[in-house]
Amino acid sequence: MIEADAFLEPARERGFDFYSGVPCSFLTPFINRAIGHPKLSYVGAASEGEAVAIAAGACLAGRRGVTMCQNSGLGNTVNPLTSLAYPFRIPILLITTWRGQPGHIDEPQHELMGRITDRLLDNMEIPHRAFPKEVTNIPDALEEADRAMTASERPFAFIMEKDSVRNDGLEQPQRVLPQPGTRYDLRESGKRPTRAEVLSAFLELVNEDAAVIATTGKCGRELFTLADRKQHLYQVGSMGCASGLALGVALNVQRPVIVLDGDGAALMKMGTLATIGAYAPRNLLHVLLDNGTHDSTGGQVTVSESVDFAAIALACGYPQTFTADTIEGFRKAFQKAASLTGPVLLHLRIRPGSLSKLGRPSVKPADVARRFRTFVGSN
């Protein structure tokens, strides 16, 4: 058994200073110290997959990100680990616990995952080793992880057994509760714009200093088709993770960060709205383009027509929200939103459909990530 600082300090010296995760009883001493450590950043996520996205965003902003979770939550990380961290070559350090470890008595819900934890990591092609329980083993463990992550630009995992870290208590900072926010309703019940029309207007209005993350599917494809810029990151796969990714970036840069989200994606990970509201990045603008369908997969309807995203964002702590349903309303809302202290949500109702000649990003995801990382770090 080790003290948490025995691992956290040498890890910090190697640059691992941004943590995001979901608690587990095996992680309690370690995660508590990460929360209270004066030289580390910690973001508590609503889900394990969201934690991966947040840590990935921090990595894109120049930090070295760590995601911590219980192995039962490892299933929630599969999608962002395989379709975000893998193609974009984002080297996240993963620390997962080993509930249900064979030969140890545990709750029945951990039995299967306990047997397959290492195999699941193997199948995701994530190298891994046991989390060090002795101080003398920490340097070699960190060196192995660092070497593997540097060589592959992809994640590495530690599997933490019970009683690996000593419990030294929790020093948790007080969180200031947000004040009631303001809603701007610019709906006109006029002709709804297409996504391409909105993105064309967006490209005219957006500041060249802003980092832009476009959600997976036709949003990113249309943005690339209309204009490919170094400030863009076109998310592929990892549906629902664009807002978490943007949060990880926004918490670690001064420049404006804009996420172009979709209704299906936002519904998939609505917990991220609460995380954004709680951590309140002042430089984040969350644009939600809502056509009421899963447009990239054939137009199946979502349930968004009955969802008031602006009201939800206010309830989650966003200080400002906008609703609009015309291109003129979008222009007014965007210009106003871009001048306000964030996080700000702009919910725009649009028509289904996409460009007839719709391309795909010709720049490989890993190159998009490198270009975006360079852009973000240039200021």
What tally of residues in region 128-172 results from selecting those that are surrounded by 18 or more Cβ atoms within 10 Å (Cβ to Cβ) and either touching a residue at least 24 places away in the same chain (Cβ under 8 Å) or among the hydroxyl-bearing types (Ser, Thr, Tyr) (or both)? 17
Residues of region 305-326 that turn out to be in contact with a Gly (Cβ under 9 Å, 6 or more places away or on another chain) and under 13 Å from Arg192 (Cβ atoms), as a count: 4
Residue that is nearest to Ala85 (Cα to Cα), among those in region 131-155 that are more than 26 Å from the chain's Cα centre (by Cα) and outside any helix (DSSP H, G or I): Pro132
Taking region 279-299 and keeping residues out of contact with any Ser or Thr (no Cβ under 9 Å at 6 or more places or on another chain), in a helix (DSSP H, G or I) and under 17 Å from Cys241 (Cα atoms) leaves Tyr279
Go through (1) touching a strand residue (DSSP E or B) at 6+ places or on another chain (Cβ under 9 Å); (2) at pLDDT 95 or above; (3) not charged (D, E, K, R) for Ser72 and report which single condition fails. (2)
From the option list Gly359, Gly342, Gly317, single residue qualifying as small (Gly, Ala, Ser), surrounded by fewer than 23 Cβ atoms within 10 Å (Cβ to Cβ), within 21 Å of Val206 (Cβ to Cβ) and under 22 Å from the mean Cα position of the chain (by Cα) is Gly342
Could you grab the pairs with beta carbons closer than 7 Å, sequence gap of 6+ or different chains, first residue in region 53-65 and surrounded by fewer than 24 Cβ atoms within 10 Å (Cβ to Cβ), second one of a type in the set (Phe, Trp, Tyr)? Arg63/Phe18; Arg64/Phe16; Arg64/Phe18
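Residues in region 91-114 that are in a loop (DSSP other than H, G, I, E, B) and without any contact (Cβ under 8 Å) to a residue 40 or more places away in the chain: how many?
6
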Matching residues in region 36-51 - criterion: being hydrophobic (A, V, I, L, M, F, W, C) and over 19 Å from Leu8 (Cα atoms): Ala45, Ala46
Any pair with Cβ under 6 angstrom, 6 or more apart, that starts in region 218-242 at a residue that is in contact (Cβ under 8 Å) with a residue 60 or more places away in the chain and closer than 18 Å to Asp295 by Cβ and ends at one that is assigned to a helix (DSSP H, G or I) and aromatic (Phe, Trp, Tyr): Tyr234/Phe224
Filter region 218-241 for residues that are touching a Gly at 6+ places or on another chain (Cβ under 8 Å) and assigned to a helix (DSSP H, G or I) and give the result. Cys219, Arg221, Phe224, Thr225
Of all the helices (runs of 4 or more DSSP H) wholly in region 10-90, which have at least 3 residues that are among the aliphatic types (A, V, I, L, M) and on the phi < 0 side of the Ramachandran plot? 28-36, 48-60
So if I check each of Ala246, Ala274, Ala278, which one is surrounded by 20 or more Cβ atoms within 10 Å (Cβ to Cβ) and either of a type in the set (A, V, I, L, M) or over 13 Å from the mean Cα position of the chain (by Cα) (or both)? Ala246
Any helices (runs of 4 or more DSSP H) falling wholly within region 300-379 and containing at least 2 residues that are basic (Lys, Arg) and in contact (Cβ under 8 Å) with a residue 40 or more places away in the chain: 327-337, 365-376
Region 191-217, subset in a loop (DSSP other than H, G, I, E, B) and not polar (S, T, N, Q), residue surrounded by the most Cβ atoms within 10 Å (Cβ to Cβ): Pro193
Restricting attention to region 279-304, and to residues there that are in contact with a Pro (Cβ under 9 Å, 6 or more places away or on another chain) and modelled with pLDDT of 95 or more, which single residue is nearest to Thr194 (Cα to Cα)? His286
Residues in region 164-178 that are within 30 Å of Leu348 (Cα to Cα) and touching a Gly at 6+ places or on another chain (Cβ under 9 Å): how many? 2
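The values are calculated or read from the model by the stated rules, or taken from the named source; none is laboratory data. These figures come from a predicted structure and were not determined experimentally. Every residue, glycine among them, receives a Cβ derived from its backbone with ideal geometry; neighbour counts consider all protein chains shown.
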